[in-house]
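These notes concern the structure reproduced below.
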Ligand SMILES: NC(=O)c1ccc[n+]([C@@H]2O[C@H](COP(=O)([O-])OP(=O)(O)OC[C@H]3O[C@@H](n4cnc5c(N)ncnc54)[C@H](OP(=O)(O)O)[C@@H]3O)[C@@H](O)[C@H]2O)c1
């Protein structure tokens with residue numbers, strides 16, 4: 001058996017991350033799961049053991065994210081893989097929702113919390129023999145992709161909304177609120193975060209594989225999962241979408257398949273240091289191929305990556321310097 005790895009993971013209580021976590025546990029790896037609902041985590045992954053640690057953390061609250069980082073830094077144990085997989089979208093909703101610090105929720109959870117985690121834990125990842133960063137992104141970041149072409153495209157403009165600070169609804173500061181675009185934007189931000197991490201590491205004369213990936217469209221049959229919020233807003237529309245995309249056209253992959261792809265990224269040894277983007281590309285009904293893929297041009301813009309990272313860092317520093325619970 002492969003040497004047990006120490007994996008820190010978000011989004012392991014549902015969907016893709018849950019299936020990956022179950023496989024990793026069965027393979028003997030050690031998991032630290034950041035979860036907002038420890039009861040749900042116990043129901044799905046089992047009670048904590050030396051192999052499974054649960055760290056209650058609502059990613060929509062930067063104070064809690066900061067506390068989790070501080071705890072892991074105090075533990076001072078090398079991290080073989082950090083897996084930034086948690087994600088949400090609430091497409092169909094008319095009103096923006098906000099995190100504890102007043103940041104639009106999709107951006108707060110999908111991007112800001114993950115930037116704080118990976119930045120704070122980077123020394124522990126670098127301390128591992130073959131540490132790596134894995135970020136679950138999505139093809140919808142790319143306006144030229146099948147999913148990215150539907151609705152308002154991803155695009156961050158000059159980050160004017162983000163630069164205004166708490167209360168912004170859209171990162172570009174000029175689009176009307178659109179929850180679907182907010183999700184696409186957050187996934188574009190995930191890729192830019194990976195680009196900036198690679199640049200930053202190179203600047204420090206250090207290297208790590210920073211692996212971003214897109215699982216393909218995953219529509220679980222269970223009542224929860226990725227489309228739960230959209231289903232609440234538009235149950236009929238979502239039922240028709242699932243029927244057509246999953247059952248008739250067979251455009252989707254199962255959560256189990258997507259979870260296995262994530263496990264492979266965590267444990268495979270073929271990754272060279274630097275940036276990687278792999279996508280589970282649809283080749284025909286029911287046929288996908290997981291392969292290295294080009295990102296959109298905007299997701300390769302290193303100047304934008306640097307500016308996004310710096311703006312997020314200021315927001316994080318500001319939020320974490322305030323007493324817990326104040327916005
Ligand atoms: N499904 C797709 O078609 C698809 C396609 C491309 C990319 N992705 C990406 O794949 C990743 C996993 O998605 P999925 O399909 O597995 O969705 P999912 O079943 O809804 O799982 C999302 C996970 O994120 C966690 N999460 C959400 N908000 C959180 C918060 N505030 N604090 C802590 N944890 C939070 C959820 O925790 P709870 O269990 O507590 O809710 C859950 O564990 C996401 O990054 C998503 O963007 C999905």
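A short reminder: the numbers here are calculations on the coordinates, not readings from a lab. The shown structure was predicted, so the numbers you read here are calculated from the model rather than taken from an experiment. Every residue, glycine among them, receives a Cβ derived from its backbone with ideal geometry; neighbour counts consider all protein chains shown.
Some observations on this one:
- Set side by side, the residues 104, 77 differ, and just one is within 28 Å of residue 4 (Cβ to Cβ) and in contact with a strand residue (DSSP E or B) (Cβ under 9 Å, 6 or more places away or on another chain), which is 77.
Conditions (1) under 24 Å from residue 214 (Cα atoms); (2) without any contact (Cβ under 8 Å) to a residue 24 or more places away in the chain, marked per residue:
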site: 61; (1), (2): no, no
site: 69; (1), (2): no, no
site: 72; (1), (2): no, no
site: 75; (1), (2): no, yes
site: 84; (1), (2): yes, no
site: 99; (1), (2): no, no
site: 106; (1), (2): yes, no
site: 110; (1), (2): yes, no
site: 116; (1), (2): yes, no
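- Residue in the stretch 29-50 that is more than 30 Å from residue 161 (Cα to Cα), surrounded by fewer than 19 Cβ atoms within 10 Å (Cβ to Cβ), without any contact (Cβ under 8 Å) to a residue 12 or more places away in the chain and touching a strand residue (DSSP E or B) at 6+ places or on another chain (Cβ under 7 Å) present: yes
- Options 17, 11; residue that is surrounded by 24 or more Cβ atoms within 10 Å (Cβ to Cβ), near the ligand (Cβ under 8 Å from one of its atoms) and under 15 Å from residue 264 (Cα atoms): 17
- Any chance residue 242 is within 14 Å of the ligand (Cβ to nearest atom) and without any contact (Cβ under 8 Å) to a residue 24 or more places away in the chain: yes
- The lone exception for residue 53 - which of (1) crowded, with 16+ Cβ neighbours inside 10 Å; (2) closer than 23 Å to residue 125 by Cβ; (3) touching a strand residue (DSSP E or B) at 6+ places or on another chain (Cβ under 8 Å); (4) touching a residue at least 40 places away in the same chain (Cβ under 8 Å) it fails: (4)
- Qualifying positions in the stretch 245-281 - without any contact (Cβ under 8 Å) to a residue 60 or more places away in the chain and over 30 Å from residue 199 (Cα atoms): 245, 246, 247, 248, 249, 250, 251, 252, 253, 254, 257
- The set of residues from the stretch 144-165 being crowded, with 24+ Cβ neighbours inside 10 Å and not in a helix (DSSP H, G or I) comprises just one member, 154.
- Verdict on residue 92 being closer than 30 Å to residue 241 by Cα, out of contact with any strand residue (DSSP E or B) (no Cβ under 6 Å at 6 or more places or on another chain) and crowded, with 22+ Cβ neighbours inside 10 Å: no
- Evaluation of residue 322 against the conditions (1) assigned to a loop (DSSP other than H, G, I, E, B); (2) within 21 Å of the chain's Cα centre (by Cα) shows that the sole unmet condition is (2).
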